[in-house]
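Report on the structure given below.
The values are calculated or read from the model by the stated rules, or taken from the named source; none is laboratory data. The shown structure was predicted, so the numbers you read here are calculated from the model rather than taken from an experiment. Cβ atoms come from the backbone with ideal geometry, glycine included; neighbour counts cover every protein chain shown.
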Amino acid sequence: MQTGVARRVFSELLGKEVLVPDPLKRIVSLSPAVTETLFILGLDGSIVGVTEFCFRPQEARGKRIVGTYSTVDVEALSRLDPELIFSMTGFQRKLAFDLSTRFNVYPIPLPVSVADIIRSAVEVGLVTGRYDEARSLALKMMRIVAALEPAAGFVKTHVELDLGGPTSFGAYSYITDALWLAGGRNVLATEACNWLVPDPERIVAEDPEVIIYEPRISEPFEEKDLTRVLVKRGWGKISAVRNRRVFVTPQRPLDFLAHHGPSFVTESIPWLKRVLSGV
């Protein structure tokens with residue numbers, strides 16, 4: 001491939017071709033998952049802007065912060081003059097369309113399954129011209145998933161993240177999918193949505209065997225703290241609480257389950273498997 005030649009990459013979401021310079025020298029990532037993928041693909045030197053939630057890898061914290069999940073500093077973007085901006089669909093769908101009127105934007109579909117997480121990594125590689133690196137990364141993730149043994153019986157599990165309030169997940173979530181692969185069955189898996197605010201009475205009625213909780217970012221939390229919170233909610237008689245099968249996700253790195261970059265497959269799924277296998 002010749003240096004300095006722009007490749008035409010079609011964006012399904014935007015319904016148009018995006019011209020991508022080769023090689024890419026100035027990339028802005030508005031997705032923590034894409035940021036992690038770019039680093040793994042060896043494009044860290046080309047990243048000029050990220051969001052305040054791009055924690056992985058640690059080196060991403062040294063990049064210029066240009067916004068959050070839903071807002072960006074357009075003036076800062078203009079000064080950075082990015083050749084390409086990566087965003088996500090879902091919550092960032094409108095932002096992607098708005099930015100595409102002024103910048104070169106390529107939105108990555110929000111994953112609803114573990115397979116989608118792998119696909120996203122490949123798509124980032126295809127867009128940036130890192131074809132072999134992306135497929136090698138995909139192969140690494142597929143091997144981890146392929147090594148998971150089918151569960152003899154599924155463990156009833158409730159997953160809750162503090163995203164400014166209690167948040168759980170329905171059928172259209174990569175977290176629900178990952179639980180199934182690891183041997184768990186999300187007690188809210190039949191809800192036809194990505195995320196939802198859990199109904200406390202519904203969780204009591206479902207009587208999960210395991211509760212997994214991810215605290216708010218930068219807020220130290222331990223299993224004993226979680227047990228106190230759950231008892232205070234009136235969940236003391238739930239099987240998971242009675243049998244002390246409540247688990248707090250690792251708090252380093254941050255956003256252990258909320259993050260849907262490659263490390264969700266390489267780190268979070270094996271952790272879920274260990275937790276559920278011990279029940």
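Restricting segment 191-231 to residues that are touching a Ser or Thr at 6+ places or on another chain (Cβ under 7 Å) and farther than 19 Å from residue 250 by Cα leaves a set whose member that is surrounded by the fewest Cβ atoms within 10 Å (Cβ to Cβ) is 197. For segment 261-269, the criterion of a residue being closer than 23 Å to residue 151 by Cβ, without any contact (Cβ under 8 Å) to a residue 40 or more places away in the chain and under 20 Å from the mean Cα position of the chain (by Cα) is satisfied by at least one position.
Looking only at segment 196-213, count every residue that is assigned to a loop (DSSP other than H, G, I, E, B) and more than 19 Å from residue 274 (Cβ to Cβ) and tell me the total. The total comes to 4. Residue 150 falls short on exactly one of the conditions (1) over 28 Å from residue 18 (Cα atoms); (2) part of a helix (DSSP H, G or I); (3) not assigned by TED's automatic domain parsing to the domain that holds residue 242, and that condition is (2). So for segment 90-108 (the condition being surrounded by 14 or more Cβ atoms within 10 Å (Cβ to Cβ), closer than 19 Å to residue 261 by Cα, among the β-branched types (Val, Ile, Thr) and modelled with pLDDT under 95), does at least one residue qualify? No, segment 90-108 contains no residue that is surrounded by 14 or more Cβ atoms within 10 Å (Cβ to Cβ), closer than 19 Å to residue 261 by Cα, among the β-branched types (Val, Ile, Thr) and modelled with pLDDT under 95. A count restricted to segment 129-165 and to residues that are at pLDDT below 95 and under 22 Å from residue 254 (Cα atoms) stands at 4.
Contact map, segment 126-151: first residue free of Cβ contacts under 8 Å to residues at least 12 places away in the same chain, second residue among the hydroxyl-bearing types (Ser, Thr, Tyr), Cβ cut-off under 6 Å, separation 6 or more or different chains; the map is empty.
Per the listing 116, 81, the residue uniquely crowded, with 16+ Cβ neighbours inside 10 Å, modelled with pLDDT of 95 or more and either out of contact with any helix residue (DSSP H, G or I) (no Cβ under 6 Å at 6 or more places or on another chain) or over 16 Å from residue 261 (Cβ atoms) (or both) is 116. Residue 49 meets the conditions (1) of a type in the set (Gly, Ala, Ser); (2) under 15 Å from the mean Cα position of the chain (by Cα); (3) modelled with pLDDT of 95 or more in every case but one. The failed one is (2). Here residue 139 fulfils each of the conditions (1) over 18 Å from the mean Cα position of the chain (by Cα); (2) assigned to a helix (DSSP H, G or I); (3) within 21 Å of residue 18 (Cα to Cα) apart from (3).
The residues on offer are 139, 161, 188, 179, and the sole one that is surrounded by fewer than 16 Cβ atoms within 10 Å (Cβ to Cβ) and outside the structural domain of residue 39 (by TED's automatic domain parsing) is 139.
Out of (1) under 21 Å from residue 195 (Cα atoms); (2) touching a residue at least 60 places away in the same chain (Cβ under 8 Å), the odd one out for residue 256 is which? Unmet for residue 256, out of (1) under 21 Å from residue 195 (Cα atoms); (2) touching a residue at least 60 places away in the same chain (Cβ under 8 Å): (2).
Can you say whether residue 71 is among the polar types (S, T, N, Q) and either buried (at least 22 other Cβ atoms within 10 Å of the Cβ) or under 22 Å from residue 256 (Cβ atoms) (or both), as far as the supplied structure shows?
Working: among the polar types (S, T, N, Q): yes; either buried (at least 22 other Cβ atoms within 10 Å of the Cβ) or under 22 Å from residue 256 (Cβ atoms) (or both): no.
The answer is no for residue 71.
Within segment 260-279, the set of residues being surrounded by 23 or more Cβ atoms within 10 Å (Cβ to Cβ) and in a loop (DSSP other than H, G, I, E, B) comprises 260, 261. If I filter segment 214-244 down to residues being in a loop (DSSP other than H, G, I, E, B) and under 28 Å from residue 55 (Cβ atoms), which single residue comes out as farthest from the chain's Cα centre (by Cα)? Top of the filtered list is 222.
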